[in-house]
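The structure appears right after this line, and notes come after that.
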Amino acid sequence: MSIMHTLTEDTPAAIREVTSRWSGPVGAYPHSGEFIMPNWQFIDMITPEDFATQAQGWIEMGVQLIGGCCGSGPEHIRLLKERLPERSS
């Protein structure tokens, strides 16, 4: 089960909800920004450093697969690769 297209700040609550009902693998693929018709608005984006820090918390909550959706870029993913363990439980 993967939590996708969710604001990074809403991701922990979604993880808690999923893991309370699902015992299989869990992933998180949040976005940063807001869709305002007709386009995404990328204002007040999460920094790559804050994204990596939040992702560490998601791992501690049991998430095994982490990525980034709209509003995350190569720097966000590079820091995930550098700072997170190669594998989680």
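Values quoted throughout were computed directly from the atomic coordinates according to the rules given, and no laboratory measurement underlies them. Fair warning: this is a prediction, and the values are worked out from it, not measured in the lab. Reconstructed Cβ throughout: ideal geometry from the backbone, glycine too, with neighbour counts over all protein chains shown.
Dipole size of the range 2-83 about its Cα centre, with +1 on Lys/Arg Cβ and -1 on Asp/Glu Cβ: approximately 340 debye, rounded to the nearest 20. Couplings 3J(HN,Hα) for the range 22-35, derived from phi with the Karplus relation 6.51 cos²θ - 1.76 cosθ + 1.60 (θ = phi - 60°), are 10, 9, x, x, 10, x, 9, 9, x, 10, 9, x, 9, 8 Hz, where x marks Gly and Pro. The modelled label-to-label distance between Cys70 and Glu17, using points 7 Å beyond Cα along the C-beta direction, is 1.8 nm. Packing, taken as the mean count of other beta carbons within 10 Å per residue, orders the peptides 80-86, 63-69, 4-10 from highest to lowest as 63-69, 4-10, 80-86.
Placing unit charges on each Cβ (+1 for Lys and Arg, -1 for Asp and Glu) gives the range 2-83 a dipole about its Cα centre, and among His76, Thr47, Ile15 the Cα reaching farthest toward its positive end belongs to Ile15.
All Cα-Cα distances of the chain, cut into 5 Å bins from zero to the largest, leave 3, 14, 27, 24, 17, 9, 4, 1, 0 percent in each bin in turn. Structural descriptor for the range 2-83: relative contact order 34 percent, calculated from alpha carbon pairs under 8 angstrom and at least 6 residues apart.
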